[in-house]
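Accompanying notes for the structure given below.
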Amino acid sequence: MVWLLGGRPYNRMFPFRKINRRHLFSSEQRAAAFTLIEVMMSITIVSICIAAVVPRLQSSKRQAMASTVVNDLRTFTAAFEAYAQERGTFPAEVAAGVVPPEVADRLNNTAWKRPTPIGGHYNWDSGQTHYGVTYRAVIQISETSTSPMIQDLELWEVIDKLMDDGNLLTGSFRLGAGDEPIYIIAQ
């Protein structure tokens with residue numbers, strides 16, 4: 001071990017041996033340490049890897065949210081259509097987040113009452129007008145005081161691509177009154 005004594009290198013084991021300052025650290029000791037350039041390159045490589053992974057994670061999250069909404073809408077639609085086939089009419093309209101009592105035994109009440117993955121609550125509309133067209137049966141995703149909507153048109157287009165034509169102005173999944181998404185079951 002090398003110590004400094006009076007500002008000069010001092011070898012405790014051999015106090016009378018002269019030490020060359022250039023060889024204060026052996027080449028083995030220098031090779032064991034990282035240089036600043038090596039550390040900066042490592043940080044750069046890790047940053048590039050993270051930059052490549054984060055968008056994929058966000059895309060996966062967006063896809064999962066869209067898939068959940070699509071599955072919910074399909075399940076709810078099947079329940080409402082089965083009711084209409086049996087009774088000859090659709091249930092009466094209710095407020096957002098409220099399960100229509102006529103189909104309460106057919107729906108997954110928990111899924112209907114909880115906020116949707118894109119915000120808002122599912123809302124059963126019967127005989128409502130959206131942009132001048134009256135629909136007999138619509139499931140609307142409505143903003144509520146407890147669950148604000150995520151105003152993300154790209155996410156809504158992902159849902160639309162999974163549901164039908166990918167255009168929010170046409171097809172079964174589109175923008176309705178108040179620019180909230182609707183899924184048309186019957187016109």
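The values are calculated or read from the model by the stated rules, or taken from the named source; none is laboratory data. All of these numbers come straight from a predicted model, not from anything done at the bench. Reconstructed Cβ throughout: ideal geometry from the backbone, glycine too, with neighbour counts over all protein chains shown. Heavy atoms of the whole protein, side chains included, go into the accessibility calculation; ligands, DNA and RNA do not. Shrake-Rupley method; radii C 1.70, N 1.55, O 1.52, S 1.80 Å.
Out of all the residues in the range 119-129, is one or more among the charged types (D, E, K, R), in contact with a Ser or Thr (Cβ under 8 Å, 6 or more places away or on another chain) and closer than 16 Å to I185 by Cβ?
Within the range 119-129, the first condition is being among the charged types (D, E, K, R), and the residues that meet it are 125.
Applying the additional criterion that residues be in contact with a Ser or Thr (Cβ under 8 Å, 6 or more places away or on another chain) yields none.
No: zero hits.
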task = Filter the range 115-137 down to the residues that are open to solvent by 40 Å² or more (accessible area, probe 1.4 Å), of a type in the set (S, T, Y) and in a strand (DSSP E or B), then identify the one that is modelled with the lowest pLDDT.
result = T129
query = Across the range 34-45, what is the number of residues that are part of a helix (DSSP H, G or I) and open to solvent by 80 Å² or more (accessible area, probe 1.4 Å)?
reply = 7
ask   = Restricting the range 66-78 to residues that are small (G, A, S) and surrounded by fewer than 18 Cβ atoms within 10 Å (Cβ to Cβ), which is nearest to I184 (Cα to Cα)?
value = A78
query = Taking I141, is it surrounded by 13 or more Cβ atoms within 10 Å (Cβ to Cβ), in a strand (DSSP E or B) and either within 19 Å of the chain's Cα centre (by Cα) or modelled with pLDDT under 95 (or both)?
reply = yes
ask   = Which ones in the range 100-114 are surrounded by 19 or more Cβ atoms within 10 Å (Cβ to Cβ) and touching a strand residue (DSSP E or B) at 6+ places or on another chain (Cβ under 8 Å)?
value = P100, W112
query = Which one is surrounded by the most Cβ atoms within 10 Å (Cβ to Cβ), of the residues in the range 144-164 that are of a type outside the set (A, V, I, L, M), in contact with a Gly (Cβ under 9 Å, 6 or more places away or on another chain) and not in a loop (DSSP other than H, G, I, E, B)?
reply = D160
query = Out of the range 175-187, which residues are under 14 Å from V133 (Cα atoms) and buried (at least 21 other Cβ atoms within 10 Å of the Cβ)?
reply = G176, I182, Y183, I184, I185
